[in-house]
1. Put +1 on the Cβ of every Lys and Arg and -1 on every Asp and Glu Cβ in region B:275-425; which of B:Met357, B:Leu320, B:Ile281 then has its Cα farthest towards the positive end of the dipole?
2. Can you give the average number of partner chain beta-carbon atoms within 10 Å of each beta-carbon in peptide B:117-123, as a whole number?
3. Using mean Cβ contacts within 10 Å as the protection proxy, how do B:184-192, B:121-129 order, highest first?
4. Report P(r) for chain B: all Cα-Cα distances, bin width 10 Å, range 0 to the bin holding the largest distance, values in whole percent.
5. With +1 on the Cβ of every Lys and Arg and -1 on the Cβ of every Asp and Glu, and nothing else charged, how large is the dipole of region B:208-339 about its Cα centre, in debye rounded to the nearest 20?
6. Using amide H atoms built in the peptide plane, which far-off residues or other-chain residues are under 5 Å from B:Arg280 H to H?
7. How many partner chain Cβ atoms sit within 10 Å of a residue's Cβ in peptide B:406-416, on average, as a whole number?
8. Regarding region A:2-334, what's the average projected area of the Cα-atom convex hull, expressed in nm²?
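The values are calculated or read from the model by the stated rules, or taken from the named source; none is laboratory data. Worth saying up front: this structure is predicted, and the values here are computed from it rather than measured. All Cβ positions, glycine included, derive from the backbone under ideal geometry; neighbour counts span all protein chains shown. Please note that ligands, DNA and RNA were not included when accessible areas were found on the heavy atoms of the full protein model with its side chains. Shrake-Rupley method; radii C 1.70, N 1.55, O 1.52, S 1.80 Å.
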Amino acid sequence: MEMLWFWLVSVMVAIYVVMDGFDFGAGILHLVVAKTNEERREVLGAIGPLWDGNEVWLLAGGGSLFLAFPKVLASGFSGFYLAMWLVVWCLMARGISIEFRSHLQDGLWRRFWDASFTFASVLLPVLLGAALGNVLRGVPVDGSGYFEMALWTNFRLGPQPGILDWYTVLIGVFALVTVTAHGALFLAWKTEGAVHERCKGLALSLWGLVLVLWVVSSYATSVVNPGIFHNLPKAPLAWVATLIFLAGLGLVFVGAKRERFLMAFVGSGAFILGLLAASAACVYPVMLRSTLGPQFDLTAQNASVGLHGLRTGLVWWLIGFPIAIGYIAFLFRFHRGKVKAAVEGEGY
Amino acid sequence: MGDPLFWHRLQFGFTATYHYLFPQLTMGLALVIVVLKAMGLRTGEARYNDAARFWIRIFGINFAVGVVTGIPLEFQFGTNWAKFSRLSGGIIGQTLGMEGMFAFFLESSFLGMLIWGEKKLSPKGHFGAALALWIGSWLSGYFIIATNAFMQHPVGYTVAADGTLQLTSFWAFLLNPWALGQYAHNMIAAVVTGSFVVAAIGAFWTLKGIHPEQAKLNLRVGTIMGLIFSVLVAFPTGDIQGKLVAKYQPISLAAMEGRFESGPRANLTLVGQPDVARRRIENPIQVPAMLSFIAYGSFSSDVKGLLEFPEDQWPQNIELLYYSFHIMAGLGTIMIALMGLAALLLWKGRLDTARPMLWVLMLAFPFPYIATTAGWAVAEFGRQPWLIYGVLRTVHGASPTVNAGHTAFTTLGFAGIFVVLSVLWLFLIGREISHGPVSHTSKA
């Protein structure tokens, strides 16, 4: 049951990254690929009806972590205190920017919200990527089950690492480039005209960069956490996940070459989902690795709540999850086709 | 700056209070919008849909601010109250997870449809989206109240060997009697907020002489819903809530009423100042034996006073609790009277021209905001010194590794963000109100 919940939480988080990833990407790119106000409204129109649904995956995923592994949540959230609040403030800035921008037709007003939207969209994947980096590298959890970390130290690894060091920043940059490339494919799929052309041009070179960073990050991960690939030979799920992300990568390049951008976008989603699943399979059952010694690791077993709570959660999760997927399918169908910039004063 | 607990409490109280200014309006407006869309469907008149469209725009702005101010609250459980989360996550994580899964997806999907879909959807489809949004926002409210209810009156759990709380009965937890009572009281109060705002805008337009048809419609809807729900908020739901406090938190009840001595035929204090040092109420105006009746249903019931309990069990700020409760109850009474008078004038057909009454309606919209804020202060200060009533003291719930300076820093950060948000909100809402409703049938 603990293993099942480990996977449920991982899947929820991975879906969050895939879903919010493309609107992060659109946010990062929109000043680059959309030059006129009309074009920007096209980009925002593409993600406008979808982004807050995407963000719900974060809250639902966080809720799952809370109910199944509260010790991990308590330790991680309080240990990453300042970084967590940076994440929250960026989430707030993004939400407000995209909602408020449309309410006033004024150049200065819009430039301000465009800038704050871009800034938050860039910072968030870096922070979330760095968070993943911390989980992979390990944090100084001790016998009390808690830890405290500086936001950054001297950027070197060691017994007292900071939240940001060279490794976690590298993973942050990898995450940033990956969601940007993911967003480029989404926009190439949903738009037409000038925006479409620019995204198309960017997508392939971005994906080239993703490939390079993926190789570098994988090597770096094996340096900071030498045990991480030891699970591979005996973890069938890791192989399945690896197949998924490699197939996704193939779809990205084939789709982009043949100008079938829905296919490429699905491929990039599969790449992110598979890569995260493979990471989860490699670290299982450790959820928060301790740099002070494996006896302090928070694992799916020692951090989970009682069986009754997990079973109860599973029942409503099995009801809720298909409904949530249903809403998304409905929403994508409802907003299907290429976006057109809406009439001024309506929607975004 | 030394005490981290002070900053943790200040931050949570501050962010939660600010956050709740927005959902109370959206939860109330969600029902108003459903009513307007239903009237539009039934009568086929465009003015109902025009009004609904205006309120959907107001809803949208408030919803956005409500969402972004709500995110920090979910994070604070882990960042600021790590020990509490570690202990009780297996239980309150259930409702918080369910809120995401069952309520937020519903709300976020259908709000988009309500805003962008009017031309794409049939009138019935658009009404359906309004209905879904209403259900979503009210479900969300239930999950949060159920979470709070576990902290007020914990049920359905046992304490495991390692000290953590384990769920034993999901249904006992979800259908906590405290949750049911508080939910009814709270949601009806949200509709009161919505109705007062609708009536205030109607009054404003009437006084300004703009959008006459819409002004009349909003006045009517706001006044009728306002009267019905102001009464419901006091009786039966406020009464039920009072009896729950009397039954499960008698110390809080004593503090709310500033009652120190125990005994039968307890008086209800209408006005007076509690003097905790001298253990009495100064300058009281009281209704004899009324408190016994309200709390336990009989004039001769025994109502315990604070002196009956050890002092370390008393809520820490008895004065604040006392005044919050009296502000809530007092404003509640005034609001019933106000809406009663407005409804009477409406019935006589004189509300549109009764300028003094319109002025009062326009200026009275903060009343429900103040009353609900005070109401939550009663609930939360009344729970002290406990974080989970009778189980975990607040001093034992905070994060052990987060220092006061960090928490002070983030609290100030929130203060700054909220100032900016408030200015933007006022500006945008002000614009929407002066624009008024846009009719799809007219050329505007």
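1. With unit charges placed on the Cβ atoms, the residue in question is B:Met357.
2. Details: counts 4, 1, 1, 2, 1, 0, 0.
Other-chain Cβ atoms within 10 Å of each residue's Cβ, averaged: 1.
3. Output ranking for B:184-192, B:121-129: B:184-192, B:121-129.
4. Binned Cα distances yield the sequence 4, 19, 28, 26, 16, 6, 1, 0.
5. Taking the Cα centre of region B:208-339 as origin, the dipole is about 460 debye.
6. Long-range HN contacts for B:Arg280: B:Asp275.
7. 2
8. Taking the Cα atoms of region A:2-334, their convex hull projects to 16.8 nm² on average.
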